[in-house]
Amino acid sequence: MTKPVVLQIGPYPPVDQDPLDAAFEMLRLHEADDPAAFVARHGPRVRAIASRGALKVPATLIQACPRLELIAVYGVGFDGVDMEAARARGIAVTNTPDVLTEDVADWAMALVLGLWRGLPSAAEWLRAGRWAKDGPHPLGRRVHGARVGLLGLGRIGRAIATRCAAFGMPIAYCDPYVSDAAFARHATPQALAAASDILFVTLAASPETRHVVDAPVLGALGPEGMLVNISRASNVDEDALIAALSGGALGWAALDVFEGEPQLDSRFLDLPNVLLTPHHASATHQTRADMGALMRANLTAHFSGQPLITPV
Ligand code: 8YV
């Protein structure tokens, strides 16, 4: 039987790639020497696109695939997909919610602990022989009890709240679409930041949320505050963030996402008050296998005429 043709635009681990190759004709755009020529040649045969949360599926690519029926994202964020172009053609879009929530929340806490307790530098202190030579590592900053702000109270925000509650942290949030009496609600990101020691950005990115964390929000978080972003870089004004971190208006930032990633603004690397990780929040063997299985389940459901498991 002929396998459905799927255009793959980024790499997957072998645990995901092998079953994809077995079930579908996977065309690897990310390995093409001349991507434009590859799309022009194969676009007319493509029935699905397999993407990743951090990659783009622009209108031009959608238009180059006249038989496209489905865009399956390996990731919960589908902000990289031009949804208007997809909707205009009646193309379905799926993502992989839930399966990565707990890992992303774990990583958010790891970032906070890593930055304020000085975990990477303390480990390096020992390894470099400085304990014996220079004495104890400089003191860190207390994490438990700090006031937490969640900018976005979706699945990931709630999973972070569960962890923060166990750390004895008072929790507040700002979310125009959610109301939860268990936590203090603030009407604006700036009011939330002013009431927080640690502000987690846990928003699904969209054109409306672009740069929602701007200079006034960072200023309200203040010189004793920490920004943590495990969502999308576009939610934060990076120029304002770098200015706030280098000028003392903001204390610290822990970032897993960057504009133009995997490239990043080199000014981040010169800052002493940041902890930077390479979009790693959902990167465990178990979760990536679950994400891959869910993406494949959506592709399989579509091509066998079944309802999609996780349409957006
Ligand atoms: C993944 C993500 O790292 O789920 C998302 O939206 O950004 C991350 O979980 C990414 O999708 C893998 O490309």
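Within the stretch 186-235, the ratio Rg/Rh, alpha carbon atoms throughout and Rh by Kirkwood, equals 0.94.
Ligands, DNA and RNA left out, the 1.4 Å accessible surface of the stretch 101-276 is 58% carbon and sulfur atoms. Note that the chain presents 47 Å² accessible area per residue, ligands and nucleic acids not counted, probe 1.4 Å.
Using only side-chain charges placed at the Cβ, +1 for Lys and Arg and -1 for Asp and Glu, the dipole size of the stretch 101-276 relative to its Cα centre rounds to 640 debye. Applying 1/(1 + (r/R0)^6) with R0 = 22 Å to the Cβ-Cβ distance of PHE167 and GLU224 gives a FRET efficiency near 0.80. The modelled label-to-label distance for the pair THR2/ARG89, using points 7 Å beyond Cα in the direction of Cβ, is 1.8 nm. Computed from the Cβ-Cβ distance with R0 of 41 Å, the FRET efficiency linking GLU261 to ALA132 stands at 0.60.
In percent, rounded to a whole number, the relative contact order of the chain is 15, using alpha-carbon pairs under 8 Å and six or more apart. Computed from the C-beta positions of VAL178 and ARG141 and an R0 of 30 Å, the FRET efficiency is 0.50 to the nearest 0.05. Summary value for the stretch 101-276: 18 percent relative contact order, contacts being C-alpha pairs under 8 angstrom separated by 6+ residues. Provide, in order from the shortest bin, the percent of all Cα-Cα pairs of the stretch 101-276 in each 10 Å bin, continuing until the bin that contains the maximum pair distance. Binned Cα distances yield the sequence 10, 39, 35, 12, 3, 0.
Taking N as the residue count of the chain, its C-alpha radius of gyration divided by 2.2 N^0.38 Å amounts to 1.09. In the stretch 36-113, the inverse of the mean reciprocal separation of distinct Cα atoms equals 13.6 Å; this is its Kirkwood hydrodynamic radius. Once the chain from LYS56 to ALA289 is taken as fully extended at 0.36 nm per residue, the excess over their C-alpha distance is 81.7 nm.
Spacing of the modelled spin labels on ASP239 and ALA40, each 7 Å from Cα toward Cβ, amounts to 3.6 nm. Between VAL81 and VAL57, the built amide H atoms are under 5 Å apart, and every one of these is 5 or more places off in sequence or on another chain.
Assuming charge only on the beta carbon of Lys and Arg (+1) and of Asp and Glu (-1), the dipole of the chain about its Cα centre is about 420 debye to the nearest 20. Helical runs (DSSP H, four residues minimum) scored at -39500 (n - 2.57) apiece and divided by the length of the chain put the mean residue ellipticity at 222 nm at -10500 deg cm²/dmol.
The values are calculated or read from the model by the stated rules, or taken from the named source; none is laboratory data. The model shown is predicted, which means the values in this text are computed figures rather than measured ones. When we count neighbours, we look across all protein chains shown, and the Cβ atoms used for this are built from the backbone with ideal geometry, even at glycine. The area values use the complete protein model at the heavy-atom level, side chains included, leaving out ligands, DNA and RNA. Shrake-Rupley method; radii C 1.70, N 1.55, O 1.52, S 1.80 Å.
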